[in-house]
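The values are calculated or read from the model by the stated rules, or taken from the named source; none is laboratory data. Since we're looking at a predicted model, the values are computed, not measured. Note that each Cβ is placed from the backbone with ideal geometry, even for glycine, and that neighbours are counted across all protein chains shown.
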Amino acid sequence: MFIYNVTIKVRTDIHEAWLQWLHEEHIPDMMSSECFTSSNVYRLLEVDDSEGPTYVIQYKAESKGQYNHYIDKFASEMRSRSYEKWGDAFIAFRTLMQVVN
């Protein structure tokens, strides 16, 4: 199992609208790629929120191949849509993790 982990700091003035967009548009679009089996959204606590809250969105992929397919076929478009909608009002940091049990 692989986790595509996206950490995003969102400017305070767009926070509420961004969160609604995340749940109503972005995550459904990500899931429609069929590269991920589930997603979870978390808000980081005990961090400096003076410029806005920080969220972590995790998408689970059954294989590295599914993640690679997302990166090759969908990632560029999804990132472009986000920047077209929100400009520089957010900062995103992306990592890939492998579940080890």
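A few comments on the model shown:
- Test: residue in segment 32-55 that is hydroxyl-bearing (Ser, Thr, Tyr), closer than 14 Å to residue 94 by Cα and either in contact with a strand residue (DSSP E or B) (Cβ under 9 Å, 6 or more places away or on another chain) or in contact (Cβ under 8 Å) with a residue 40 or more places away in the chain (or both): yes
- Residues satisfying the stated conditions in segment 21-72, i.e. in contact with a Lys or Arg (Cβ under 8 Å, 6 or more places away or on another chain), exposed (fewer than 12 other Cβ atoms within 10 Å of the Cβ) and modelled with pLDDT under 95: 51
- Residue list for segment 9-20, restricted to those being surrounded by fewer than 16 Cβ atoms within 10 Å (Cβ to Cβ) and within 12 Å of the chain's Cα centre (by Cα): 19
- Condition check for residue 87: surrounded by 15 or more Cβ atoms within 10 Å (Cβ to Cβ) and either on the phi > 0 side of the Ramachandran plot or acidic (Asp, Glu) (or both): no
- Residue pairs whose Cβ atoms lie under 6 Å apart, separated by 6 or more positions or on different chains, with the first residue in segment 7-24 and within 10 Å of residue 90 (Cβ to Cβ) and the second in a strand (DSSP E or B), are 8/55; 8/90; 8/92; 9/54; 9/91; 10/90; 18/10.
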